[in-house]
Amino acid sequence: MGGTASVGSSGKPGLTEQSDSLAAMTATRVALAGSTGSIGTQTIDVVTAEPDRYELTALGASGRQPDLIAEQARRVQPKVLALDDPTHADRLARELPAVEVRAGPGALESLAEEADVVVNGVVGFAGLPVTLATLQAGRRLALANKESLIAAGPVVQRARRTPGAELVPVDSEHCALHQCLRANDVPSRVAKLVLTASGGPFRGRTRDQLASVTVEDALAHPTWSMGPKITVDSSTLMNKGLEVIEAHELFGVPAGDAGWGITFDQIEVVVHPQSIVHSMVEFSDGATIAQLSLPDMRLPISYALAYPDRSAVPFGRIDWSQLGRLDFEPPDYVAFPCLALAYDAGRAGQTAPAWLNAANEVAVAAFLDGLISWTQIADVLKATLDRYDGTIASDLGVVIDADQRARAEARALIERMYVE
């Protein structure tokens, strides 16, 4: 790889960056976990757009879409294919004789040894092992799986101290903050992080008006194309709540540890329906620096792969002659109570975010299956958080146990409150 400026344990972008020419760079080896999802397919677009710059050495997926996996493998010709579910492993090994097929427990985590950069596009808590394996291997993690950082923050922070490990966020909001913070390297001069939210498909509706929304309504996001779970999270503003916790994990490392020392009181959410301003940083002198682009996830993906350089392909370029207006408004915490619940869990710390994330995954699945209504998602989360027991996140096993107990609580609540 060319010269890099390490993000290290804090996520703080380095300011002394080398600018090797592309001609002098060897191809960056990329491993992609979650290849069949939205982030995965767009990562393949980014990599194939600059074929001399990147080599996609490994693909990883759940294994439940063998036809798509085979199609992707033929397109990018990886050396390794890792499958979480071994059901179709033998079939894929026969169809792809030039590819090493790994399957079962540990397969996705093994991708960390195959690349310089690992893109973690796995959805939900299941992405945690990939996050930890990548950082513990001293590789760069291009993180799109916010849940692993949120649920196991204290454990992930320890892994980020591994020599050579660095974390560059792929979420558009945190990627934007990462870019804005590069403008100033004095933590005490950062006054506020401002995360923007599109408001989802229900922006402007009251709590009463939201009582009758359908799954189809919730999946009709006005600006982004995402998977069903994340799209529902966007509609409830839970996605933004999880991003608040993620921002604190990324940029809240104490300044004495070369971080930014950001507190939850310094993280603000504003609704911005155009999704052009992806986030902002306000500094002590009143200046605010923002990152603007069209809503295109290929831009933050390419940023994480190329960092500290940038992509040569203009993903998300704005036609300024067509951009009419930029609107901002405060979020409605009454109609969208999930956002406040996320702040509460984040401030509680330890395994509280894991508890919240697990309950949310269960509640969203129940909503998508027609077992509960959209408004009842927040009710399930609050009732589950009321049963949180304050467990300290001492190690990965404790976090996994907290996740499982929270899921069991949430399922029991749904059965008792809504299904019977």
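Can you say whether GLY199 is in contact with a strand residue (DSSP E or B) (Cβ under 7 Å, 6 or more places away or on another chain), buried (at least 21 other Cβ atoms within 10 Å of the Cβ) and within 22 Å of VAL380 (Cα to Cα), as far as the supplied structure shows?
Judged against the criteria, GLY199 is a match.
Exactly one condition in (1) part of a loop (DSSP other than H, G, I, E, B); (2) modelled with pLDDT of 95 or more; (3) under 14 Å from ALA176 (Cα atoms); (4) among the hydroxyl-bearing types (Ser, Thr, Tyr) is not met by SER279; state its number.
With (1) part of a loop (DSSP other than H, G, I, E, B); (2) modelled with pLDDT of 95 or more; (3) under 14 Å from ALA176 (Cα atoms); (4) among the hydroxyl-bearing types (Ser, Thr, Tyr) applied to SER279, the lone miss is (1).
Hey, could you check the stretch 142-180 for residues that are touching a residue at least 60 places away in the same chain (Cβ under 8 Å) and of a type in the set (S, T, N, Q) and say which is surrounded by the most Cβ atoms within 10 Å (Cβ to Cβ)?
ASN145
Among the residues of the stretch 69-88, write down those that are surrounded by fewer than 23 Cβ atoms within 10 Å (Cβ to Cβ), of a type in the set (A, V, I, L, M) and within 20 Å of GLY127 (Cα to Cα).
VAL80, the sole residue that qualifies.
In the stretch 91-127, how many residues are out of contact with any Pro (no Cβ under 6 Å at 6 or more places or on another chain) and touching a residue at least 40 places away in the same chain (Cβ under 8 Å)?
18
Checking the structure you have, find out if any residue of the stretch 297-313 is more than 17 Å from PRO330 (Cβ to Cβ), crowded, with 18+ Cβ neighbours inside 10 Å and of a type in the set (Asp, Glu).
yes
Got at least one residue in the stretch 192-200 being out of contact with any Lys or Arg (no Cβ under 9 Å at 6 or more places or on another chain), touching a residue at least 24 places away in the same chain (Cβ under 8 Å) and under 19 Å from PRO308 (Cβ atoms)?
Checked against the condition, which is being out of contact with any Lys or Arg (no Cβ under 9 Å at 6 or more places or on another chain), touching a residue at least 24 places away in the same chain (Cβ under 8 Å) and under 19 Å from PRO308 (Cβ atoms), the stretch 192-200 yields no hits at all.
Yes or no: VAL122 aliphatic (A, V, I, L, M), farther than 19 Å from SER302 by Cβ and touching a strand residue (DSSP E or B) at 6+ places or on another chain (Cβ under 6 Å)?
Judged against the criteria, VAL122 is a match.
For the stretch 42-69, enumerate the residues that are in contact with a strand residue (DSSP E or B) (Cβ under 9 Å, 6 or more places away or on another chain), aliphatic (A, V, I, L, M) and more than 14 Å from LEU111 (Cα to Cα).
ILE44, VAL46, VAL47, LEU68, ILE69
Got a sec? Which of ALA218, ALA183, ALA191 is hydrophobic (A, V, I, L, M, F, W, C), over 26 Å from VAL398 (Cβ atoms) and buried (at least 23 other Cβ atoms within 10 Å of the Cβ)?
ALA218
Starting from the stretch 317-334, keep only residues that are closer than 16 Å to GLY241 by Cα, then list their pairs with residues that are in a strand (DSSP E or B) whose Cβ atoms are within a distance under 6 Å, requiring at least 6 positions of separation or different chains.
Listed pairs, sorted by first residue: PRO331/VAL269; PRO331/VAL271.
Mind listing whichever residues of the stretch 249-270 are at pLDDT 95 or above and surrounded by 20 or more Cβ atoms within 10 Å (Cβ to Cβ)?
ILE267, VAL269
How many residues does the stretch 90-135 hold that are under 19 Å from the mean Cα position of the chain (by Cα) and assigned to a helix (DSSP H, G or I)?
Number of matching residues: 14.
Name the residue that is modelled with the lowest pLDDT, counting only residues in the stretch 373-420 that are exposed (fewer than 14 other Cβ atoms within 10 Å of the Cβ) and outside any helix (DSSP H, G or I).
Out of the qualifying residues, it is GLU420.
Just wondering, is there one or more residues in the stretch 364-377 that are touching a helix residue (DSSP H, G or I) at 6+ places or on another chain (Cβ under 9 Å), under 28 Å from THR263 (Cβ atoms) and of a type outside the set (Val, Ile, Thr)?
Within the stretch 364-377, none of the residues are touching a helix residue (DSSP H, G or I) at 6+ places or on another chain (Cβ under 9 Å), under 28 Å from THR263 (Cβ atoms) and of a type outside the set (Val, Ile, Thr).
Looking at (1) within 23 Å of the chain's Cα centre (by Cα); (2) not assigned by TED's automatic domain parsing to the domain that holds THR206, which is the one condition that is false for ALA340?
(2)
Here is a yes/no grid of residues against (1) of a type in the set (Ser, Thr, Tyr); (2) over 22 Å from the mean Cα position of the chain (by Cα):
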| site | (1), (2) |
| --- | --- |
| MET297 | no, no |
| ALA304 | no, no |
| SER311 | yes, no |
| PHE315 | no, no |
| ARG325 | no, yes |
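The values are calculated or read from the model by the stated rules, or taken from the named source; none is laboratory data. Not measured: the values here are computed from a predicted model. Positions of Cβ are backbone-derived with ideal geometry, glycine not excepted, and every protein chain shown enters the neighbour counts.
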